[in-house]
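Visitor: Could you have a look at this structure, given as structure tokens, before my questions?
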Amino acid sequence: MDSEYLGRALELAEKGRGTTHPNPVVGAVIVSDEEIVGEGWHERRGEAHAEVNALAAAGERARGATVYVTLEPCTHHGATAPCADALIQAGVERVVVGQRDPNPHVEGGGLERLRSAGIEVEMAEGELGFRCRQQIEEWRTFTTQKRPFVTYKVAVTLDGRVAVPGSRWVSGEESRRLVHVLRAASDAVAVGMGTVRWDNPRLDARDVPVVRQPRRIAFGRGPLPEGSELELRSGPLRDELEALAAVGVQSLLLEGGPTLAAAFLEQDLVDKLLVFVAPKLSGEGPGMLAGLAGPLELTRLEARSVGDDVVLQAYVHEP
């Protein structure tokens with residue numbers, strides 16, 4: 001039953017996607033006698049956290065209940081009071097947490113505070129714990145590494161080429177639409193100057209719902225083409241990523257060509273790969289990486305169909 005209730009908390013957390021930024025999405029469920037008596041999620045930055053909203057919905061039925069929450073309850077005084085204290089005051093008996101706060105020096109300590117108050121605390125493990133971490137993977141990397149979470153997206157043919165002679169596109173229409181969804185969900189989208197000179201891309205999210213357009217970046221030496229709206233960044237990659245993080249960029253979708261992708265991977269700056277594999281053979285042209293020094297082990301490989309294509313997802317760094 002724990003997995004069912006924590007799974008519901010994950011669903012609730014997603015309701016805050018796009019409105020809690022730069023805070024992470026969080027969901028909470030309160031259960032008494034195997035009945036859900038309260039639900040909540042972090043709805044907007046600066047407003048009540050998920051646990052407080054769930055406690056308000058549960059009222060007196062929270063006393064002696066079990067709370068399922070996707071992220072360790074906070075202990076700090078910020079825009080809202082500490083959630084750990086609210087749970088203690090409500091008299092809950094048990095708390096199941098999806099993941100530790102990745103920055104205990106600032107936000108953490110909630111589990112210890114709950115235990116010291118006599119509340120039973122359990123941590124999610126295995127796949128469910130991974131799902132909780134995955135849900136806020138961008139924020140976790142931003143918080144711990146002080147740089148954006150980087151996803152390298154590339155479209156390839158079955159023979160591993162990133163171009164098809166005589167065609168502008170490698171992937172199908174459904175895949176290209178998904179890329180615009182990914183852009184809309186990212187704080188920044190980036191390519192290298194080689195791609196800029198070849199294609200002069202716009203990199204904005206089009207024909208999909210957009211809360212805010214991503215920052216659009218070109219890494220490398222200029223100049224940019226006349227009329228380009230991209231932001232040129234010519235410094236060392238790690239320094240540029242840290243500078244972006246310093247102004248709140250938590251996620252970056254890397255759409256660069258083989259040379260830039262290899263440079264990011266060589267410097268250990270890619271966290272996740274999304275490879276769109278089209279049912280085509282090119283026979284010639286560059287591959288998805290140029291100049292990678294050695295093999296790289298990936299984890300949690302997944303595959304799913306998007307139109308006629310297959311999207312492969314794998315992690316360099318698991319959240």
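The values are calculated or read from the model by the stated rules, or taken from the named source; none is laboratory data. Quick caveat, the model's predicted, so the values are computed rather than measured. Quick reminder, even Gly has a Cβ in these numbers, built from the backbone with ideal geometry, and neighbours come from all protein chains shown. For accessibility, only protein heavy atoms count, side chains too; no ligands or nucleic acids. Shrake-Rupley method; radii C 1.70, N 1.55, O 1.52, S 1.80 Å.
Visitor: Please go through (1) acidic (Asp, Glu); (2) over 22 Å from Leu292 (Cβ atoms); (3) open to solvent by less than 70 Å² (accessible area, probe 1.4 Å) for Glu255 and return the number of the only condition it doesn't satisfy.
Guide: For Glu255, the exception is condition (2).
Visitor: Now for a separate question. Could you please find all residues in segment 292-319 being part of a strand (DSSP E or B) and closer than 27 Å to Asp101 by Cα?
Guide: Pass one, segment 292-319, residues part of a strand (DSSP E or B): 299-306, 309-315.
Residues satisfying the conditions are Thr299, Arg300, Leu301, Glu302, Gln313, Ala314, Tyr315.
Visitor: Check off (1) open to solvent by 60 Å² or more (accessible area, probe 1.4 Å); (2) more than 14 Å from Ala124 (Cβ to Cβ) for Glu4 and give me the number that stays unchecked.
Guide: Failing condition for Glu4: (2).
Visitor: Could you look through segment 151-185, keep only residues that are of a type in the set (Asp, Glu) and not in a loop (DSSP other than H, G, I, E, B), and pick out the one that is surrounded by the fewest Cβ atoms within 10 Å (Cβ to Cβ)?
Guide: Glu173
Visitor: If you check Leu281, Leu289, Leu269, Leu241, which single one turns out to be in a loop (DSSP other than H, G, I, E, B), open to solvent by less than 10 Å² (accessible area, probe 1.4 Å) and not aromatic (Phe, Trp, Tyr)?
Guide: Just one listed residue meets the conditions, Leu269.
Visitor: Another one. Those residues that are more than 27 Å from Arg161 (Cα to Cα) and part of a loop (DSSP other than H, G, I, E, B), I need them from segment 244-264; list them, please.
Guide: First, the residues of segment 244-264 that are more than 27 Å from Arg161 (Cα to Cα): 244-250.
Val247, Gly248, Val249, Gln250 - these are the residues of segment 244-264 that are more than 27 Å from Arg161 (Cα to Cα) and part of a loop (DSSP other than H, G, I, E, B).
Visitor: Taking into account only those residues within segment 120-150 that are surrounded by 19 or more Cβ atoms within 10 Å (Cβ to Cβ) and not in a helix (DSSP H, G or I), which is nearest to the chain's Cα centre (by Cα)?
Guide: Result: Ile136.
Visitor: Would you mind telling me which numbered condition in (1) of a type in the set (A, V, I, L, M); (2) within 30 Å of Gly307 (Cα to Cα); (3) surrounded by fewer than 20 Cβ atoms within 10 Å (Cβ to Cβ) Ala188 fails?
Guide: Single failed check for Ala188: (3).
Visitor: Checking Asp101 against (1) touching a strand residue (DSSP E or B) at 6+ places or on another chain (Cβ under 9 Å); (2) open to solvent by less than 30 Å² (accessible area, probe 1.4 Å); (3) assigned to a loop (DSSP other than H, G, I, E, B): exactly one of these is not met. Which one?
Guide: Of the numbered conditions (1) touching a strand residue (DSSP E or B) at 6+ places or on another chain (Cβ under 9 Å); (2) open to solvent by less than 30 Å² (accessible area, probe 1.4 Å); (3) assigned to a loop (DSSP other than H, G, I, E, B), the odd one out for Asp101 is (1).
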